[in-house]
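Enquirer: Input: one structure, supplied below.
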Amino acid sequence: MTSPEPIYTLADLDTWSFPGTALAVLGHPIKHSISPPMHNAALAKMAERDSKFASWKYFRFDIAPDDLHVALEKFHDCKRFTGLNLTVPHKIIACGLRNVAVTPDAAPIGAVNTLMRTEHGWNGFNTDGYGLSNGLRERFPDFKFDGSEVILLGAGGAARGAAIELGIQKCKRLWLVNRTAETRDQLLHMLEMTWGSNGPTVQILDLNNPPKDLATNPLVINATSAGLKPTDPLPIDLAALAALARPKGVYDMIYNPPETPLLAQARALGIPAANGLSMLVYQGVRALEIWSNATVPVDAMREAVAKAMAAR
Ligand code: NAP
């Protein structure tokens with residue numbers, strides 16, 4: 001059984017009517033999203049403490065990228081939604097829209113995943129970094145960010161947000177790996193411009209030409225989409241890496257499928273590994289805190305995503 005939440009479209013918004021406080025996730029596609037059961041489970045729990053949350057509900061909408069601007073106007077002006085989550089492909093597009101004011105924390109990332117209604121439009125936040133650091137702490141409780149070395153796979157929006165968060169958490173050095181050298185170099189340049197001499201050292205990792213000073217036990221974070229499909233190539237060969245420096249852990253932001261080829265390889269090599277479900281939960285926790293200004297029940301959200309994944 002999949003999530004019971006229906007999938008709405010822009011056309012549904014024209015006749016939309018909901019008497020309570022409405023929240024929603026917008027994406028294209030959106031069929032895969034388990035954010036509705038996760039947030040609605042939290043809201044049900046919050047309603048036990050404060051009855052006002054009994055009238056809050058979280059929906060999901062399939063919105064094409066070209067329709068995002070007009071959709072955000074409708075969600076704001078006519079339909080009065082309180083908060084929105086944005087997922088692929090809207091996170092970067094939203095930053096260029098005039099009805100979205102990007103908060104200073106999200107500006108260096110250039111992507112927003114959480115919108116909070118204001119009088120005139122939307123404030124745009126990025127809670128993925130909070131999700132990543134808290135998700136990592138939950139899955140790798142012995143990992144200390146301060147002074148650590150991380151191998152970051154990918155150079156898209158998720159990698160950019162992860163890099164900024166790893167800088168905030170005082171990682172010592174980031175090693176960048178990406179399929180396309182050009183986008184990897186753009187990320188390197190962006191991080192150097194953002195941090196100057198006040199952030200982690202950022203270097204490119206090429207396993208065919210390995211550096212002599214790679215840390216003995218780096219943490220590996222996969223922020224690529226490689227692994228969404230079973231035929232995808234590995235974003236890094238962990239066996240080749242382990243011959244140089246055995247990772248202390250591998251965290252894959254992908255959570256569906258629950259075990260990517262990268263995580264399977266980590267387990268086969270006996271390297272601690274975790275998928276991105278904990279990140280999903282904590283980015284959602286932070287978003288719901290922003291919208292509700294209340295304490296959010298993490299356990300209810302964790303249980304709801306586990307149930308939604310088991311039902312797939
Ligand atoms: P994106 O902006 O489209 O970036 C995709 C990245 O993956 C790029 O670096 C791309 O490399 C690389 N890539 C794509 N296909 C590849 C392949 N076959 N082999 C090697 N590299 C490949 O996407 P994104 O928004 O950063 O998201 C990346 C992943 O993070 C997605 O799987 C997403 O679901 C996941 N994510 C999870 C959470 C969570 O809460 N758990 C939150 C955010 C994102 P090129 O530069 O070469 O194209």
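Enquirer: Return the single residue from 223, 268, 287 with maximal mean-square fluctuation; model: Gaussian network over the chain, springs between Cα atoms under 10 Å.
Expert: 268
Enquirer: On to the next question. Taking the Cα centre of each part, how many Å lie between the range 213-232 and the range 270-299?
Expert: 21
Enquirer: Follow-up. Among the aspartates and glutamates, which have Cα under 20 Å from the Cα of residue 170 when same-chain residues fewer than 8 positions away are ignored?
Expert: Within reach: 105, 128, 138, 142, 146, 149, 192, 213.
Enquirer: Apply the a/c threshold of 1.5 to the C-alpha gyration tensor of the range 94-237 and tell me whether it is rounded, prolate or oblate. Present the calculation step by step, with values, prior to reporting the outcome.
Expert: Working: a/c = 1.73, a/b = 1.59, b/c = 1.09.
Verdict is prolate for the range 94-237.
Enquirer: What shape does the range 1-136 take by its C-alpha gyration tensor, where a ≥ b ≥ c are the square roots of the eigenvalues and a/c under 1.5 counts as rounded, a/b above b/c as prolate, and the rest as oblate? Don't skip to the answer; put the middle values down first.
Expert: Numbers: a/c = 1.36, a/b = 1.14, b/c = 1.20.
Here the range 1-136 falls in the rounded category.
Enquirer: Which of the residue pairs 57/307; 91/248; 212/248; 31/307; 45/307; 52/74 have a Cα-Cα distance greater than 27 Å in the structure shown?
Expert: Working: 57/307 19 Å; 91/248 31 Å; 212/248 18 Å; 31/307 16 Å; 45/307 16 Å; 52/74 24 Å.
The pairs that break the limit, which is 27 Å between Cα atoms, are 91/248.
Enquirer: Using a probe radius of 1.4 Å on heavy atoms only, what accessible surface per residue do you get for the chain? Whole Å² is fine. Please report the intermediate quantities before stating the final value.
Expert: Working: 14260 Å² over 312 residues.
That works out to 46 Å² per residue.
Enquirer: Can you tell which of 207, 43, 263 shows the greatest fluctuation in a Gaussian network model of the chain with Cα springs below 10 Å?
Expert: Per the Cα network of the chain with a 10 Å cutoff, 207 tops the list.
Enquirer: Contact order normalised by length for the chain, with contacts defined as Cα pairs under 8 Å and 6 or more residues apart; what percent is it?
Expert: RCO, the chain: 18 percent.
Enquirer: Mind listing the Cα extents of the range 63-138 along all three principal axes, in Å, largest one first?
Expert: Projected onto the principal axes, the Cα atoms of the range 63-138 cover 41, 23, 20 Å.
Enquirer: What is the percent carbon and sulfur in the accessible area of the range 1-112, measuring with a 1.4 Å probe over the protein chains and ignoring ligands? Please report the intermediate quantities before stating the final value.
Expert: Numbers: 2920 of 5250 Å².
Within the range 1-112, the accessible surface is 56 percent carbon and sulfur.
Enquirer: Note the per residue figure in Å³ for the convex hull of the C-alpha positions in the chain. Please report the intermediate quantities before stating the final value.
Expert: Numbers: hull volume 43.2 nm³, N = 312.
In the chain, the Cα hull volume divided by residue count equals 138 Å³.
Enquirer: Separate question: Note down the net charge around residue 131, summing +1 for each Lys or Arg and -1 for each Asp or Glu among other residues with Cβ under 15 Å from its Cβ.
Expert: Values: positive: 91, 137, 139, 160, 286, 302; negative: 105, 128, 138, 165, 252, 289.
Neighbourhood net charge equals 0.
Enquirer: Which of rounded, prolate or oblate describes the range 176-312 when judged by the alpha-carbon gyration tensor and an a/c cut-off of 1.5? Before the final figure, lay out the partial values.
Expert: Values: a/c = 2.11, a/b = 1.35, b/c = 1.56.
Oblate is the answer for the range 176-312, as a/c is 1.5 or above yet b/c matches or exceeds a/b.
Enquirer: Here's another thing I want to ask about it. What percentage of the solvent-accessible surface of the range 163-205, computed with a 1.4 Å probe over protein heavy atoms, is contributed by carbon and sulfur atoms?
Expert: Working: 1130 of 2350 Å².
Within the range 163-205, the accessible surface is 48 percent carbon and sulfur.
The values are calculated or read from the model by the stated rules, or taken from the named source; none is laboratory data. Quick caveat: nothing in here was measured; it's all calculated off a predicted structure. Positions of Cβ are backbone-derived with ideal geometry, glycine not excepted, and every protein chain shown enters the neighbour counts. SASA here: full protein model, heavy atoms, side chains in, ligands and nucleic acids out. Shrake-Rupley method; radii C 1.70, N 1.55, O 1.52, S 1.80 Å.
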